[in-house]
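Reading through the structure tokens given below for one structure.
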Amino acid sequence: MKRTIHGNGNTESGRAVWRSVLLMGILLMGLLVSGCGKKQTQPEELLTEYLQLLNEKNYEEMYTYLSEEARSTTDKETYVNRYKNIYGGIQASDIRAEIQEPEDKKAGKKGETRRVAYTLTMDTVAGELSFDTVALFTENEEGVYKMSWDSQDIFPNLYNTDKVRVKVTRAKRGVIYDRNQVELAREGVASSVGLVPGKLPEDRDSAVTQLSELLEMSTEKIEKALSAGWVREDTFVPLRTVAKDASELKKQLLEIPGVMITDTMVRYYPYGEKTAHLLGYVQNITAEELEKRSGQGYNQNSIIGKAGVERTYEDQLRPRDGYSIQILDENGDVKDTVLEKPAEDGQNVRLSIDITLQQYLFQELEEDRACAVAMDPTTGELLALVSTPAYDSNDFVMGYTSSAWKALNEDEARPLENRYQSTWEQGKTPLELCTRYTALLNGGDCLEPQLLLGAEKKVQKEQVFSPEEAEQLLTEMYQNVEKPDGSAHEAQRKDWRMAGLTGSASMSGGKDLGWFVGLSAEDNDRPLLLTVMIEDVKERGGSTYVISRGMKGFDVYRNEDGQ
């Protein structure tokens, strides 16, 4: 309880009285200190303060709590570095303790050792770690309790000659398959380019400059990587990842003394540009993403989905690496495992996409600024999602050079734009337009688009058309194809019946947009609904040009063997 002494300082006599009281108080305190001693801070309180400093990573201040004997055997630098290395390595956080009540709170004899039992719990890279331990406090000559310390105060069974290692077992990200179990995204091999500092030539600056030019990295960035605290003379320091087949570049790099190239496992997209906007890509997690996903098992080295399917199904696809916190003896042998978390591979994801149809549609549209959406109109399953031009997802995994990234962003064709999700005709995205026409085969109900194979059929919006309106519109679409003067007559085929609809719209900048919606579902076990949109077609045949691109998709899909 705080005690407050109030005095009157408004008059000279009052101030004199106050000075007298203050002087007497000081004298009395002196007598009390010399006679009875000041109030001791008890070991339980000291341990609470000590553990709070541990949570704050204030290891220098923690060292002041140690006894003379402990400090004589472990100097401050060794003590601080031991905590930094061990707690940093296991990524300790949210450290908390439950201190047991002492059996006897009475002060013992001078110089007596007091034991304080407690349970220490913390979050680590391997999960929650908790153990029981005891802190020993001994009263020194000044009547102050100080803490005995050795490495067992970090972990039980850890001696000063031991080391702590975190062994990582890498888990694999889930594979993305198409509907026929063709791999669309999987683990692949790339080349990691780096330097071994001890093998750099005498003219180090020249070698770093040459490497900087070939990798399109600043010399400052290279030097920063080489100066990291963990780097030794014989350490391989990775700088950039390049494609496995970049033979000419790797040949030039290996001519620089000190350069080393090793294989590294990366996310690989076999179809590159053809599936870019559909699948997206993965990259290292950012500080912002790490903060947002705090407590979900991510760390600063995690790879995370940034766009497309990789981002949408991140929770299913993501791998969870295994970690083992081990104590090694002075010979480097494992003497104890403190905590272990097994690795968990990510779940595989099987899409409803048909990669054959996806490829053909991309090839038909790759010279245009265009997009296509293909669906099974009876289930809502998406069969193809194409946007052109596109980027290569593998380039994001490898990392763009500054010049390549600049060129990509300044490209007037906007390859980074996902056109099938853009707002074009009558305020719709192409995906929304395609989805709308599923109502023609579902009694006027619009189906929800499904990207996973076998997903439950769901109605997105009921009665977009009445059943009568749906039937009438479908009849008109058949006539658009079958009548010689129909707007979609170019879509007619001998072997199956087609329904179609065309249209156009003006775009900003005076350009036009042509679109085509085609449907093949009658007497057909492979129904297909396809929407194609192409920019700037007015001088290239208008809707006729759009139909010709889209119908290649129908020709391919109808002639494929099986689902």
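The values are calculated or read from the model by the stated rules, or taken from the named source; none is laboratory data. None of these values were measured; they are calculated from a predicted model. Glycine gets a Cβ as well: all are built from the backbone with ideal geometry, and neighbour counts include every protein chain shown. When the accessible area is computed, the model is the full protein with side chains, heavy atoms only, and any ligands, DNA or RNA have been set aside. Shrake-Rupley method; radii C 1.70, N 1.55, O 1.52, S 1.80 Å.
Looking at the chain, what % of its DSSP beta bridges pair antiparallel, to the nearest 5? For the chain, the DSSP antiparallel bridge percentage is about 95.
Give me the percent of the accessible area of region 298-430 that comes from carbon and sulfur atoms, probe 1.4 Å, all protein chains in place. Solvent-exposed carbon and sulfur of region 298-430 make up 39 percent of the total.
Is region 349-495 rounded, prolate or oblate when judged by the Cα gyration tensor, a ≥ b ≥ c being the square roots of its eigenvalues, rounded requiring a/c under 1.5 and prolate requiring a/b larger than b/c? Here region 349-495 falls in the prolate category. For Cα Rg over 2.2 N^0.38 Å, computed directly from the structure shown, the correct entry in (i) 1.46; (ii) 1.04; (iii) 1.26 is (i).
Accessible surface of Glu288, taken over heavy atoms with a 1.4 Å probe and every protein chain present, rounds to 150 Å².
With semi-axes defined as the square roots of five times the eigenvalues of the C-alpha gyration tensor, the equivalent ellipsoid of region 482-563 measures 26, 13, 10 Å, largest first.
With all protein chains in place and ligands, DNA and RNA left out, the 1.4 Å accessible area ranks Ile303, Ile90 as Ile303, Ile90, largest first. So which GluC sites (Glu not before Pro) in region 344-382 pass both tests, a DSSP loop state and at most 12 other Cβ atoms within 10 Å of the Cβ? Sparse-neighbourhood loop GluC sites (Glu not before Pro): Glu367.
Heavy-atom surface analysis with a 1.4 Å probe gives region 170-271 a carbon and sulfur content of 48 percent of its accessible area.
Using only helices, what value at 222 nm comes out for the chain when you add -39,500 (n - 2.57) per DSSP H run of length 4 or more and divide by the total residues, to the nearest 500 deg cm²/dmol? Estimated from H runs of four or more residues: -9000 deg cm²/dmol.
In the context of the full set of protein chains, residues of region 492-563 present 46 Å² of accessible surface per residue (probe radius 1.4 Å, heavy atoms only). Estimated at the nearest 10 Å², the accessible area of Lys457 is 100 Å² with a 1.4 Å probe. Short to long, the 10 Å bins of the Cα pair-distance histogram for region 117-264 hold 8, 23, 18, 19, 17, 10, 3, 1, 0 percent of all pairs. Applied to region 399-416, the Karplus parametrisation 6.51 cos²θ - 1.76 cosθ + 1.60 on θ = phi - 60° returns per-residue 3J(HN,Hα) values of x, 6, 6, 4, 5, 5, 5, 5, 5, 5, 6, 8, 5, 5, 7, 6, x, 7 Hz, with x for Gly and Pro. Dimensions of region 448-528 from C-alpha coordinates, computed as largest minus smallest value along each principal axis and given longest first, are 41, 37, 27 Å.
Each residue was assigned an accessible area with a 1.4 Å probe, and for Asp536 the value is about 70 Å². Annotation for region 490-563: trypsin sites (Lys or Arg not before Pro) lying in DSSP loop with at most 15 further Cβ atoms inside 10 Å of their Cβ are Arg493, Lys494, Arg497, Lys511. The C-alpha atoms of the chain define a longest principal axis, and helix 204-215 lies at about 30 degrees to it. Amide H contacts for Val175 (H built 1.01 Å from N in the peptide plane; partners 5 or more residues away or on another chain; cut-off under 5 Å): Asn348, Val349. Given axes a ≥ b ≥ c from the Cα gyration tensor, I'd like to know whether region 132-192 is rounded (a/c under 1.5), prolate (a/b larger than b/c) or oblate. It comes out prolate by the Cα gyration axes.
For the cross-link pairs Lys84/Lys251; Lys483/Lys538; Lys167/Lys199; Lys306/Lys461; Lys172/Lys335, which exceed 32 Å when the distance is taken from alpha carbon to alpha carbon? Violating the 32 Å Cα-Cα cut-off are Lys84/Lys251. The packing ranking, built from the mean of other Cβ atoms within 10 Å per residue, places the peptides 477-485, 220-228 in the order 477-485, 220-228, highest first.
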